[in-house]
1. For region 62-91, which residues satisfy the criterion of being under 29 Å from Phe22 (Cβ atoms) and touching a Leu at 6+ places or on another chain (Cβ under 9 Å)?
2. For Cys218, all conditions in the list (1) surrounded by fewer than 18 Cβ atoms within 10 Å (Cβ to Cβ); (2) of a type outside the set (A, V, I, L, M); (3) under 27 Å from Ile177 (Cβ atoms); (4) more than 19 Å from the chain's Cα centre (by Cα) hold save one; what is the number of the exception?
3. With the requirement that a residue be free of Cβ contacts under 8 Å to residues at least 40 places away in the same chain, farther than 14 Å from Phe153 by Cα and touching a helix residue (DSSP H, G or I) at 6+ places or on another chain (Cβ under 7 Å), what does region 117-136 give you?
4. Go through region 131-141 residue by residue and tally those that are surrounded by fewer than 19 Cβ atoms within 10 Å (Cβ to Cβ) and either assigned to a helix (DSSP H, G or I) or among the acidic types (Asp, Glu) (or both).
5. Failed condition for Asn11, given (1) at pLDDT below 90; (2) touching a Pro at 6+ places or on another chain (Cβ under 6 Å), with all others met?
6. Count, please, the residues in region 11-30 that happen to be within 23 Å of Ser139 (Cβ to Cβ) and among the hydrophobic types (A, V, I, L, M, F, W, C).
7. For region 172-262, list the helices (runs of 4 or more DSSP H) that sit wholly inside it and hold at least 1 residues that are of a type in the set (Phe, Trp, Tyr), without any contact (Cβ under 8 Å) to a residue 60 or more places away in the chain and over 25 Å from Pro157 (Cβ atoms); which are they?
8. List the helices (runs of 4 or more DSSP H) inside region 1-113, counting only whole elements, that have at least 3 residues being within 18 Å of the chain's Cα centre (by Cα).
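The values are calculated or read from the model by the stated rules, or taken from the named source; none is laboratory data. Please read all numbers here as calculations on a predicted model, not as lab measurements. Cβ sites come from the backbone with ideal geometry, for glycine too, and all protein chains shown count toward neighbours.
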Amino acid sequence: MNLQSLFQDFNPSKFVVHCCLFTFTVLFCLRLDEIIDWPYWVIFIPLWIWKSIATLGAIVGAIVWCRYPHYRVEGDSYSHFKAMLISLSLHLILLMFELLACDRLTSGRHLWVLVFIPLIFGSVASVGACVWAVKHDRSFELELFCAVNALQFVFLPLKLDGFVSWSWEVVFVPLWIVLCLCLVAVLYSIIFCGILLRTPEVSPQQKKSAINSAIGNCATVLPILVFQVLLADKLDEDLDWPFIAVAGPLLLTLFVLILLSFNAKGGNKWWFGIRKNFCQFLLGVVPCLQEYGNISYHTESAGQTQPLDTTTAQLDEFEKYDKKGKKAALNKKNDHLKPVVPIVSIDLPD
């Protein structure tokens, strides 16, 4: 295992988001099942930790942007910085919705329609954010999630306030449509993976990436579909399971996403103004990790692991090229020592 290769593809943003969502889901389900009697202001703390980290990272990044103008010309810093500001605005909208929802669950003094107004506004604004992200080749997972669920955010408060008497299976129709499209994408990734595996011209790295993508899509979309079916039956009182059991597939999806964040790559380099990927930043902050980052391990056929120092490998490679260079110099010297023979021209008779 190579420590540097483990962290060079690590996406800290996705890791923090999915860990906070996992913790919040567990606490919220335990609160609904009345296993714990904590106030909702405590239940929502994981989500507010996520928003606090995002806000603090954007503030520090903005300060670095203003104090060091020469950093702005590094690569595509402008698009990274604008993407960070767009993401910050969406995080603030989500924070407003979470505060209103927590107050509604605690006091019940206003309608759910008013609670969902920031979320509906954020969903409409996310459409423009997705268009901008596509033009500038930036990731937009959170913006896409809000944009495709805009209609769902309209149906939910109407049902919660009692303005419509539909069953929950009907209320979740927009989400069913989104999940059907996700299933089509999963099927496409599986077919594409099979084609790449049978193509000899494709490199092993591309095949490995396609396999990981197909497995990741299956492990995230299918459990969410199962969770949605169980949740609809639970809310319609057709299922007598506790909420923590109903949320089991969702927790499985979040756990898989946490693991996939170690191979997610990407990430905005202007969060906290680090201007580099997480691996380089971590090795710079903790220099002792550089020593461990230069060590890798490989498994022998006998089943034992043997350390392999990359520095030794580099020295062996240097010695190999040094021998080649000496041999080439010796051949060149021998060429200079050879006697000069005059050119003999033989004229053939007509």
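1. If the condition is that a residue be under 29 Å from Phe22 (Cβ atoms) and touching a Leu at 6+ places or on another chain (Cβ under 9 Å), then Ser87, Leu90, His91 are the ones that fit.
2. That leaves (4) as the condition not met.
3. Val127, Cys130
4. Keep residues of region 131-141 that are surrounded by fewer than 19 Cβ atoms within 10 Å (Cβ to Cβ), which gives 131-132, 134-137, 139, 141.
The next check asks that each one be either assigned to a helix (DSSP H, G or I) or among the acidic types (Asp, Glu) (or both); those that pass are 131-132, 134-135, 137, 141.
Qualifying residue count for the region: 6.
5. Every listed condition holds for Asn11 apart from (2).
6. Selection size over region 11-30: 8.
7. Working: elements: 173-197, 204-235, 243-246, 248-260.
Filter on region 172-262 gives 173-197.
8. 3-8, 12-32, 45-67, 77-107
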